[in-house]
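Down below is the structure, laid out as structure tokens.
The values are calculated or read from the model by the stated rules, or taken from the named source; none is laboratory data. Predicted, not measured: the structure shown is a model, and the values here were computed from it. Note that each Cβ is placed from the backbone with ideal geometry, even for glycine, and that neighbours are counted across all protein chains shown.
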Amino acid sequence: MDARASSTPLPAPAPQLTPANTRDVFVVEDDPIIARLVGHLLTRGGYKVHHAADGLRAQAMLTSSPCPAVVVMDVMLPYVSGFELISQIRKTPGWERVPVIVLTSKSQESDILRAFDSGVNDYVVKPFRPEELVARVRRLAEGWRAA
Amino acid sequence: MTLSFVLSIGVAVGLLYVAVVANLFLVRFRNSAHVRHREQLEGVWLPLLADGQEQIPTDLPPLRRRDLVPFLVLWNQLQESFVGEAKSHLNTVARRLGIDRTAHQLLQGHSLSRRLLAVSTLGHLGERSVWNDLVRMTGDADGLLSLAAARALTRIDAPAAMPVILPLVAQRRDWSRNYVLGMLSELGADVVSRPLTEAAMRVPIEQADRLLQYFSVAHVSDAVPVVRSIITRTKNVECLAACLRVFADVDDLDTVREYLYHPSWQVRVQAVNVLARLGSARDFAALALLLTDAEWWVRYRTARAMCALPGVDMARIQQLSTEHHDPFARDMLVHVLAEAHA
Amino acid sequence: MIDGSPIRHAFEWISLLYLLGIGVAYLTLDIVSFVVLWRHRQRQTLGRLYNRYSNLELPVTLIIPAYNEEATVVATVRSLLQLNYARFEILVVNDGSADRTLDVLKAAFDLQPFPEVVRRRLATSPIRGVYRSPSHPELKVIDKENGGKADALNAGINAAQYPLFCALDADGVLRPDSLQFVTRPFLDDPHTVAAGGIVRIANGCDVVNGWIVRTGLPRRMLPLLQVVEYCRAFLFGRLGWNPFNGLLVISGAFGVFHKETVIEVGGYRRSTIGEDMELVVRLHRLLSRQGRPYRVVFAPEPVCWTEAPEKLSTLRSQRIRWQRGLCESLWLNRSLMFSRGGGAAGWVAFPFTVLFECLSPIVECLGWVYFGGGYITGHVDLQLALAFLLVNVGFGTLLSASSLLLDEISYHTYPRPRQILVLLVAAVIENLGYRQMTAYWRLVGLVQWIFGARQSWGDMKRSATWSSTMSSREASAVPRP
């Protein structure tokens, strides 16, 4: 798998950050309640949330939208699996270094390792603490902007 | 048969057809109304339920009768999604709305879905007042309802729930193994370990295997002494296999080695697996004999165990894979070596 | 009146009563289905909550037998790799394809030969090799000599590593969550040995990357009528048997089985045309004879979409084949009927199927000739002809419409009101012409089975590749509903 290579620092061009997208967050989540919940938590935290309910729509967003500040995603997604999506994100120009947080009910060690191996920045297991998720998003969004 | 008789039956069938079609549109209309209602309700309540700790507004919106079921579904879904303080916040809001009293009423109702919702809600709320009702419900003929009641009991008071639930785990064959495992894992070893291992000693030996299969949740220090005792008393294949799975101590290796040649392959496989975890180079020869086992799984696990033994030279296995007298053993070694490289 | 009128009279009464019996029997199943669905939905409220955050799903091996599938197999595997399910492996069994099926797989997934020792627990044609993909550890391809679909499935069972296996058609379109639905019965009841789900018609739907992204109705009449037909077949033809453990058919397009039990009963039978149905009936026969508690379950969820034949000739050979498969499956397992301990499967579902599915084409076709022809030539009076029309067409239309109602209550598959209107019209047309046509084909199938069964037995064994009885690949892949 070439995913491991993409988790090492890449000599990629600096991501094109414009003020417009530093507070954009992509949420890829198929459960409507969780999607709504995460959307609400992040909106309240001052982010602009774009939601994709399945892997195909997420792929479409990859090509049509500017890179957001953070991606929050499940790994169990309809149509395109989360791992597949992560590797596509890492191959999309401008998205190589976007911080990705996985929010999933898959809690086995092997799943977590596989996610980090494929270049995920953070891993939150459902059930989760809502405030903690927002804090993790904030840390990654700001950390990246500072870098 | 007269014409009028035939015609009147025809009219009846025609009317039924019209009724079905009318119903079809009625159902469609009602469904979309339900979806709209649910979405509107979520729009109002999700922020209030999710916005936790800081402040709960003093004037919560009213909860109408028709809001009750979709609200409870949402509330329970959020309970399942959260850990920590957010859960107690959900409880605070629910009590302010009088959900605890409403759930009491639903619990006594006839509708299964409402009873299930009530059981789950009362569990999350930690309502001790329904303890006896829930204990009674764990004996219900409906597997789902009884499991839901068991889970609610563990949420209200896990240590007190253990003596109620564990005998049922041993007896009820309709309780799905995976649900029970999920429930016990959620409670964690600190709560489950002692009661589970002690219960395994107490139940009739024929039922012990049904508890042994959850020993992965228990602390090894509690599990191993129990297993040492049970393994001497049972001939049941599943029970023996479950016992072997638990061993985690080199002191027990001599016991384990006795089962390498047990007549049942399910037992042999487990014994081999223990050697793969705990064995030493001196087990190599004994394992090599099992490479000719009649059962595929035993040969497969044996080959893997041989590769896993500490201090074993892979070249020795390579050599064996070309020189072993038994073609089945050679095939298996080649297979496992390839897997190791994949 | 001509002589022999007592015989005529008896025929009239028997056939009318028989057809009325069919109508009433299906109406009963229909009502049972309403109750089952209602109860299912009651349990779902919480069932969903329970499954959410626990890694409870049972691991499943997907077996995809492929014979000359070079055009579709890669796309199928690609979409299956994206299934929304915790733990599964995909086993493609290349059944000695004459085309480049294996080559395209090798190229697409960078397959490497793997020296795996496949257990021969069920006898199959020789296996030539096993391949694995370094980039997709969950994919395995087995290359074997041609032996037919059942043989390929058996080879897949031999190589499967998980306790459940799912038999799939190479061109079936699944839902991302199909496996979650169909494995739930195994979680809920440890005695479950087999489970199937609802199969629907994919014609007219929008398919992207092997997934249905929007449901639609076929434009052409023939597949449209099959949409109604499938609705009826699945929503109460199957669901109604659930509470009695009397389900005799699980569609070959998508069924999940407990591997060890299937191996115990001998796997798929190689010398039959309806291997999917035969296996399920045999499970009933052998397990009930042993007095073991077991369940064959229909999960009332849509799980699989399949391409329906758009050509009459393809549909014709499909239906002839189904009818032969049905008769053969029942015949081979006839000792299930009225057997001690046979339960609802042996005492109700089996005789029901023999009486109302195997033999019904005879009565239906004779009825149309006698009552229709008789009315035109003046030998049968109006009320008799009307009575026949009523029990045959009237009940049928009522049942078709009520299956649409069931679908609306439960799944709401076709969201636009116009689609419902189209389906309601189709439900009427289906009973005026289409059903009579299929009844005739089923009669042909029945006759072929009766006269051909023993003679061609040897031939059939040899030519039991899955496309042998079919005129095109399209038809061979379409399962019995």
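For the reader, a short list of remarks on this structure follows.
- Whichever residue in segment C:102-145 is surrounded by fewer than 17 Cβ atoms within 10 Å (Cβ to Cβ) and among the polar types (S, T, N, Q) and, among such residues, is farthest from residue C:273 (Cα to Cα): C:135
- When segment A:91-128 is filtered for residues that are within 14 Å of chain C (Cβ to nearest Cβ) and in a loop (DSSP other than H, G, I, E, B), the ones remaining, listed by number, are A:105, A:106, A:107, A:108, A:118, A:126, A:127.
- Tally of residues being within 7 Å of chain B (Cβ to nearest Cβ) and not acidic (Asp, Glu) across segment C:396-413: 8
- Listed by first and then second residue, the pairs linking a residue in segment C:408-431 that is on the phi > 0 side of the Ramachandran plot to a residue that is assigned to a helix (DSSP H, G or I) and loosely packed, with under 15 Cβ neighbours inside 10 Å, with Cβ atoms under 8 Å apart and 6 or more places separating them unless they lie on different chains, are C:412/B:31.
- Members of segment B:50-86 found to be buried (at least 21 other Cβ atoms within 10 Å of the Cβ), over 27 Å from residue B:34 (Cβ atoms) and under 25 Å from the mean Cα position of the chain (by Cα), listed by number: B:86
- In segment C:124-173, the residues that are of a type in the set (D, E, K, R) and either out of contact with any strand residue (DSSP E or B) (no Cβ under 8 Å at 6 or more places or on another chain) or in a helix (DSSP H, G or I) (or both): C:149, C:151
- Selection within segment C:218-236 - surrounded by fewer than 23 Cβ atoms within 10 Å (Cβ to Cβ) and touching a helix residue (DSSP H, G or I) at 6+ places or on another chain (Cβ under 6 Å): C:218
- Scanning segment C:60-89 for residues that are within 21 Å of residue C:125 (Cβ to Cβ) and of a type in the set (Val, Ile, Thr) yields C:61, C:63, C:64, C:73.
- Scanning segment B:2-22 for residues that are within 9 Å of chain C (Cβ to nearest Cβ) and either of a type in the set (D, E, K, R) or surrounded by 14 or more Cβ atoms within 10 Å (Cβ to Cβ) (or both) yields B:6, B:7, B:9, B:10, B:13, B:14, B:16, B:17, B:20, B:21.
- Residue among B:29, B:25 that is surrounded by 14 or more Cβ atoms within 10 Å (Cβ to Cβ), more than 7 Å from every other protein chain (Cβ to nearest Cβ) and more than 30 Å from residue A:130 (Cβ to Cβ): B:25
Per-residue answers, yes or no, for (1) under 30 Å from residue B:88 (Cβ atoms); (2) among the hydroxyl-bearing types (Ser, Thr, Tyr); (3) modelled with pLDDT under 90; (4) surrounded by fewer than 16 Cβ atoms within 10 Å (Cβ to Cβ):
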| site | (1), (2), (3), (4) |
| --- | --- |
| A:72 | yes, no, no, no |
| A:81 | no, yes, yes, no |
| A:93 | no, no, yes, yes |
| A:102 | yes, no, no, no |
| A:107 | yes, yes, yes, yes |
| A:122 | yes, no, no, no |
| A:137 | yes, no, no, no |
| A:142 | yes, no, yes, yes |
| A:145 | no, no, yes, yes |
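- Residues within segment A:105-139 that are among the polar types (S, T, N, Q) and over 18 Å from residue A:29 (Cα atoms), tallied: 3
- Scanning segment B:14-49 for residues that are more than 21 Å from residue A:39 (Cβ to Cβ) and within 34 Å of the chain's Cα centre (by Cα) turns up B:31, B:34.
- The single condition among (1) assigned to a loop (DSSP other than H, G, I, E, B); (2) surrounded by fewer than 21 Cβ atoms within 10 Å (Cβ to Cβ); (3) at pLDDT below 90 that residue C:252 does not meet is (2).
- Lone qualifier among C:141, C:74 - being among the β-branched types (Val, Ile, Thr) and under 25 Å from residue B:341 (Cα atoms): C:141
- Residues that are more than 18 Å from residue C:204 (Cα to Cα) and over 24 Å from the mean Cα position of the chain (by Cα) within segment C:393-431 comprise C:393, C:394, listed in sequence order.
- Reported count of residues in segment C:330-347, each being of a type in the set (D, E, K, R) and not in a helix (DSSP H, G or I), is 1.
- For segment B:94-133, the candidate set comprises residues that are surrounded by fewer than 16 Cβ atoms within 10 Å (Cβ to Cβ), small (Gly, Ala, Ser) and more than 13 Å from every other protein chain (Cβ to nearest Cβ); within that set, the residue that is nearest to residue B:81 (Cα to Cα) is B:126.
- With respect to the conditions (1) touching a helix residue (DSSP H, G or I) at 6+ places or on another chain (Cβ under 9 Å); (2) within 30 Å of residue C:40 (Cα to Cα); (3) free of Cβ contacts under 8 Å to residues at least 60 places away in the same chain, residue C:385 falls short on a single one, namely (2).
- Screening residue C:237 on (1) closer than 22 Å to residue C:429 by Cβ; (2) at pLDDT 90 or above; (3) out of contact with any Lys or Arg (no Cβ under 9 Å at 6 or more places or on another chain) shows it passes everything except condition (2).
- Strands (runs of 3 or more DSSP E) contained in segment C:174-229 and holding at least 3 residues within 14 Å of chain A (Cβ to nearest Cβ): C:206-208, C:211-214
- Members of segment C:379-394 found to be within 10 Å of chain B (Cβ to nearest Cβ) and assigned to a helix (DSSP H, G or I), listed by number: C:382, C:383, C:384, C:385, C:386, C:387, C:388, C:389, C:390, C:391, C:393, C:394
- Evaluation of residue C:416 against (1) surrounded by fewer than 22 Cβ atoms within 10 Å (Cβ to Cβ); (2) away from every other protein chain (no Cβ under 11 Å) (one fails), failing number: (2)
- Output for segment B:135-181, where each listed residue is of a type in the set (D, E, K, R) and within 14 Å of chain C (Cβ to nearest Cβ): B:140, B:142, B:151, B:155, B:172, B:173, B:174, B:177
- For segment C:287-310, the condition holds for no residue, the condition being that it is aliphatic (A, V, I, L, M) and free of Cβ contacts under 8 Å to residues at least 60 places away in the same chain.
- Of all the numbered requirements in (1) part of a loop (DSSP other than H, G, I, E, B); (2) touching a Gly at 6+ places or on another chain (Cβ under 6 Å); (3) closer than 20 Å to residue C:33 by Cβ, residue C:237 misses one, and that requirement is (2).
- Residue match in segment C:373-392 (condition: over 30 Å from residue B:34 (Cβ atoms), of a type in the set (Ser, Thr, Tyr) and at pLDDT 90 or above): yes
- Cβ-Cβ under 7 Å pairs, at least 6 apart or on other chains, segment B:108-133 side closer than 14 Å to residue B:69 by Cα, far side in a loop (DSSP other than H, G, I, E, B): B:115/B:109
- Only residues that are among the aromatic types (Phe, Trp, Tyr) and under 20 Å from the mean Cα position of the chain (by Cα) were counted in segment C:288-318, giving 2.
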